[in-house]
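The values are calculated or read from the model by the stated rules, or taken from the named source; none is laboratory data. These figures come from a predicted structure and were not determined experimentally. Positions of Cβ are backbone-derived with ideal geometry, glycine not excepted, and every protein chain shown enters the neighbour counts. Quick note on the areas: whole protein, heavy atoms, side chains included, nothing else; ligands and nucleic acids left out. Shrake-Rupley method; radii C 1.70, N 1.55, O 1.52, S 1.80 Å.
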Amino acid sequence: MAKRTAASTWVRMFNRNLAALTRNTRRVQTRAAKTAVKRATTPKAPPATPGDWLGGMALGPGGARRYHLYRPPDLQAGERLPLLVMLHGCGQDAAGFAQSTRMNALARRERFLVLYPEQDRLASAQRCWNWYDTRNGRAHTEVALILAAIDQVCLLQPVDRARVALAGLSAGASMAALIASRHPARFKAVVMHSGIAPGAADSTATALAAMRGHRLPAPWSPAPGQLLALPPLLVIQGGRDAVVAASNGPAAAAAWALAAGAAAGATRSQQRGQRHPMQVTDFKHRGRTAVTLVDVDQLGHAWSGGAANQAYSDAQGPDASRLVWAFVSKQFPAPVAAAPKAPPPAPVHPAFNLPALFNPFALRALKGATLKP
């Protein structure tokens with residue numbers, strides 16, 4: 001009887017402790033979940049740059065995606081500005097990417113608009129663009145969503161549609177190249193920073209292999225005597241990139257150059273101040289640059305020359321934001337000057353002073369007078 005009572009007491013104590021542990025665990029899990037949701041749903045403060053930081057949402061076959069647009073201050077009536085579309089990498093959002101690249105400050109000085117489409121966590125827990133998922137079509141639905149955001153901004157904002165370019169980092173770079181390869185007529189230039197060329201992967205497994213450098217993009221073979229009308233490409237790749245193998249940079253440049261019929265010129269070394277040196281190679285066709293490859297040997301998986309206090313950013317690298325704008329602005333046509341407004345028609349003066357008809361003192365003077373034609 002004593003053994004049974006002791007056993008029952010032990011069971012009750014165990015059940016109470018288990019219930020208490022379960023309650024505490026649930027509280028901790030609930031608190032952690034609420035914190036994670038709050039962090040995920042609370043937007044970061046916009047970059048502190050004079051101008052407008054506008055939010056919007058684009059709808060497409062793949063659902064909806066948020067975006068942010070930077071618009072420089074003091075827009076003039078009739079002014080049309082270039083548009084640079086910036087696609088962030090994994091683990092980033094629009095505000096973080098803008099802070100890392102400091103592209104808004106450059107856009108203010110050079111006067112262009114910057115569009116930051118933002119991947120949704122429901123589409124990717126790490127906010128990665130699904131550039132590789134072409135086998136089941138998810139990559140193409142995200143392409144459509146980004147194009148919808150561009151169309152919306154072009155409709156609502158003073159965008160010069162003849163001066164639109166794409167740029168991205170990591171997964172954003174791969175998505176930018178995919179968009180430009182599928183819709184080349186819409187863009188004057190495209191920039192891949194630490195990305196993978198289209199055709200190197202079509203699933204998660206092949207994407208991982210491509211990131212390790214085990215898969216190369218399939219050669220694009222245009223019809224005999226024809227070349228693909230691709231926009232000029234700038235490739236920036238770090239030699240110490242532990243996420244996207246360094247071999248992907250030259251592979252992307254070679255595939256793009258082959259499709260454009262361009263040949264590589266001599267590689268030149270450049271270094272500005274104390275920043276990491278870079279090796280620059282131009283691929284040209286009939287004197288026109290089709291691809292520029294910038295190889296930064298000491299750069300890891302980070303935006304070169306970005307803000308020092310941001311993730312995926314290396315302040316010691318060459319200023320990638322300046323490289324991007326210098327490259328894409330060369331591809332833009334000269335802006336079309338707004339047609340001057342026609343001067344207003346000269347006022348027609350009647351034979352009498354019209355305001356005088358509403359002046360009681362003038363009416364008294366006009367009483368009995370005859371109006372002459």
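Counting only protein chains, not ligands or nucleic acids, how are Lys188, Lys330 ordered by accessible area (probe 1.4 Å), most first?
Lys330, Lys188
Can you figure out the FRET efficiency of Met57 with Lys330, using R₀ = 35 Å and their beta-carbon distance, to the nearest 0.05? List each step's numbers first, then the result.
Numbers: r = 33 Å, r/R0 = 0.94.
Working from the Cβ atoms, E equals 0.60.
Taking R0 as 25 Å, what FRET efficiency do you get between Asn136 and Ala311 from their Cβ-Cβ distance, rounded to the nearest 0.05?
0.25
Would you tally the net charge around Ala207, using a Cβ to Cβ cut-off of less than 15 Å, leaving Ala207 out, and scoring K and R as +1, D and E as -1?
Neighbourhood net charge equals +1.
Can you pull the percent of the stretch 46-113's accessible area that's carbon plus sulfur, 1.4 Å probe, other chains left in place? Walk me through the numbers before you get to the answer.
Working: 1370 of 2780 Å².
Carbon and sulfur together cover 49 percent of it.
Projected onto the charge dipole of the stretch 169-278 (+1 at Lys/Arg Cβ, -1 at Asp/Glu Cβ, origin at the Cα centre), which of Ser181, Ser194, Asn248 gives the Cα projection farthest towards the positive end?
Checking the options against the dipole of the stretch 169-278, the answer is Ser194.
What is the gain in length, in nm to one decimal, between Ser8 and Ala245 on full extension, counting 0.36 nm per residue of separation less the C-alpha to C-alpha distance?
79.1 nm
Report, in debye and to the nearest 20, how large the dipole of the stretch 54-112 comes out about its Cα centre when Lys and Arg carry +1 and Asp and Glu carry -1 on their Cβ.
20 debye
Could you give the length gained by full extension between Ser269 and Ala209, i.e. 0.36 nm per residue of separation minus their alpha carbon distance, to one decimal place?
Net length gain for the segment: 18.5 nm.
What figure, in Å² to the nearest 10, do you get for the accessible area of Thr267 with a 1.4 Å probe and non-protein molecules left out?
Around 80 Å² of this residue is reachable by solvent.
Taking a 1.4 Å probe, which of Asp160, Asp297 shows the most accessible area, and what order do the others take after it?
Asp297, Asp160
Take Leu208, Leu233 and sort them by solvent-accessible surface of the protein heavy atoms, 1.4 Å probe, largest at the top.
Result of the area sort, largest leading: Leu208, Leu233.
For a quick check of understanding: with a 1.4 angstrom probe and all protein chains in place, what accessible area in square angstrom does Arg121 have, to the nearest ten?
Ignoring ligands and nucleic acids, Arg121 comes out at about 120 Å².
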